[in-house]
1. Tell me, yes or no, whether segment 229-247 has at least one residue that is surrounded by fewer than 16 Cβ atoms within 10 Å (Cβ to Cβ), small (Gly, Ala, Ser) and at pLDDT below 85.
2. Taking segment 510-542 as the region of interest, how many residues are outside any loop (DSSP other than H, G, I, E, B) and under 28 Å from residue 433 (Cα atoms)?
3. Find the residue count for segment 341-351, including only residues that are crowded, with 16+ Cβ neighbours inside 10 Å and either without any contact (Cβ under 8 Å) to a residue 60 or more places away in the chain or not hydroxyl-bearing (Ser, Thr, Tyr) (or both).
4. Of all the residues that make up segment 1-43, how many are touching a residue at least 60 places away in the same chain (Cβ under 8 Å) and either over 25 Å from residue 221 (Cα atoms) or in a loop (DSSP other than H, G, I, E, B) (or both)?
5. For segment 550-569, which positions are in contact (Cβ under 8 Å) with a residue 60 or more places away in the chain and closer than 16 Å to residue 430 by Cα?
6. Condition test on residue 35, is it surrounded by fewer than 10 Cβ atoms within 10 Å (Cβ to Cβ) and of a type in the set (Gly, Ala, Ser)?
7. Quick one: in segment 571-625, which of the residues that are polar (S, T, N, Q), modelled with pLDDT of 75 or more and in contact with a strand residue (DSSP E or B) (Cβ under 8 Å, 6 or more places away or on another chain) is surrounded by the fewest Cβ atoms within 10 Å (Cβ to Cβ)?
8. Residue by residue through segment 354-387, note down the ones that are of a type in the set (Gly, Ala, Ser) and over 18 Å from the mean Cα position of the chain (by Cα).
Amino acid sequence: MRDFRDCLTLSGLFDLPFQGPHFTWSNHRAGEPIAKKLDRCLVNGQWLFRFPASHCSFEPPEFSDHSPGFIRLLTPRPSFGSRPFRFFNLLTKHQDFKETIQFSWNNDGESAGNLRDFCFKLKQLKRPLRSLLKDNYSAIERRVAETASILSSRQMLSLNDQSEVNLSLEAQAKDIWQSLRLAEESFFKLRSRIKWLGEGDLNTKFFHSVTTARNAKNAIKHLLRPDGSRTTTLQEVHEVAVAYYQSFLTTIRGDFSPDLPRLLESLIENTCSLQQQGFLSLPFNSEMVRRCLFKMPLNKTPGPDGFPVEFFKASWDVLGTELEGSVLKFFEANFIPTSLNATSLVLIPKRPGAEELKDFPPIACLNTVYKLITKLLSERLKLVMSTIIAPNQTAFVKDRLLLENVLLASEIMQDYHREVIGRRITLKIDISKAFDSVRWDFLLNVLASYHIPDSFSKWVRCCGCNPSLSVSINGITSGYFRGKTGLRQGDPLSPILFVMVMNVLSQMLNRAAKEGTFSYHPGCEELQLTHLCFADDLLIFLEGSERSLRGVLSVISDFERISGLGINIQKTSMFCQGLDDASLANIQDRFSLRASSLPISWEAFSDFFCYLGNHWILDERLYLAEKSY
């Protein structure tokens, strides 16, 4: 399969966006069903330039074993809405950029003393920056072609007549052409999201092709409504998406429990020391703000205000002092403006041909200044995580490797292929809508149970709770509503807070095993190990009995009630060994769990390794530190 993908890449071909089933061939055998993706519609970039709205539709196979595919050459639909402002990095190379920023920023003579004033002054910059972009870089491809033609003419003149005037005109034309050519590459490189290609020859054509393919792949042309009908206009697509996410992100799951603080105090064993509490409460300073901003990654999609990290770095000498002061003011006043805490939920299809909104996980695009604040908080909170989080969790904890749990899980499950073995079960748990379902009251109580200082908890509450949300589809933003639950993926603070929340489940499982609610897995009893965590994915190890399985599921149910986090039963599976067929069938029927077999294909690990037989095969790109257990 890798050879096939490499062949397509070298040929400049990719799948045309399609509707219908992912698998296009079936053997139609009830006893041994097999379905595969054998039929594809491959196109190149020129096709999409010519037919930008085209797509492929796979229909039911009827009497055949293949699904028929139809290529539909549609005309582009009428646009819906207007695209929000977005700063393009190529502006930083223009000779008038600094002057434009300085004139607009200092126009009223007032300095921004807080985040509200700073956001207002940022808003005032949008008009002059739009004008600068339009006047110098609109229709960038046409401009490059025109300047290339002018350069060719002047080069011919200078070759025929080596006069000072002709040579000067040639040099001037070459400077303009090179400037526009570099701007064109910068524009398409940003839109292509290619990060692995560094400096070298210009790759404008490559970036342009990747951008076109990426836009075609991620474009949402229609959606299925809850009743199964299909939207017919882009406006309907937006309305259906906004209604879905507004309903989901304003519905608080679980139940409020007045006994929650007492329960958490009894569960959490490791808390912040007095020294750590003092460290978390230390005031931030200007140097910390500046250093944090300049460490933030580049080429990231900006938030609703349209200003990426590159803009602030390029204009630091104009607005850096006011940015530092405004951010520091937040830590004093515990206030963040609604406009700064705004979020665009960008929908990216989880799989090709996705039509249902459950297959479009939302990625939160946050404003750079907001991310700067939460990155300051996350960098500080990271330093205490290793002392308060149980060793079962290795994701997002300093000095722990995700691979540690991978290798330990491999060791525990290495005997599952044997026929004669003690009864044992391993549950592979998938948390449903993990980040989006965390209750805020539970989160704040969890912070208190770790003895996180009140001042730090207030900063977290100001940032993480009550955000304003909108939905972005095909670059157009619509809808506006207040979130009431969940953590936003894309927020630097969210993974750390989520790990702290999941640590409560770790403690609940450990306590339940000690109290006899369920029995240890035969391979884990000596270590008293109940589970391993990979951020929001879990492997739970238990003795292979109905009683133990019921005990584990009761713990998960209790955790769901207080936290809002429940399991996705369709994606949760179990690996059993040592059970006879009757016992296995009874467990599957009673608990509605699907029994699976090794090897495991797990999305959480797909970038690092695959499981082959009974051995972990590591990707050659991964550096594995030597570590023994």
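1. no
2. 14
3. Number of matching residues: 6.
4. Of the residues in that region, 6 qualify.
5. Correct list: 552, 556, 560, 563, 564, 565, 566, 567, 568.
6. So residue 35 does not fit the description; no.
7. By that ranking, first place goes to 597.
8. 386 - this is the single residue of segment 354-387 that is of a type in the set (Gly, Ala, Ser) and over 18 Å from the mean Cα position of the chain (by Cα).
The values are calculated or read from the model by the stated rules, or taken from the named source; none is laboratory data. Keep in mind that what you see is a predicted model, and the values were worked out from it rather than measured. For neighbour counting, all protein chains shown are included, and Cβ atoms are generated from backbone atoms with ideal geometry for every residue, glycine included.
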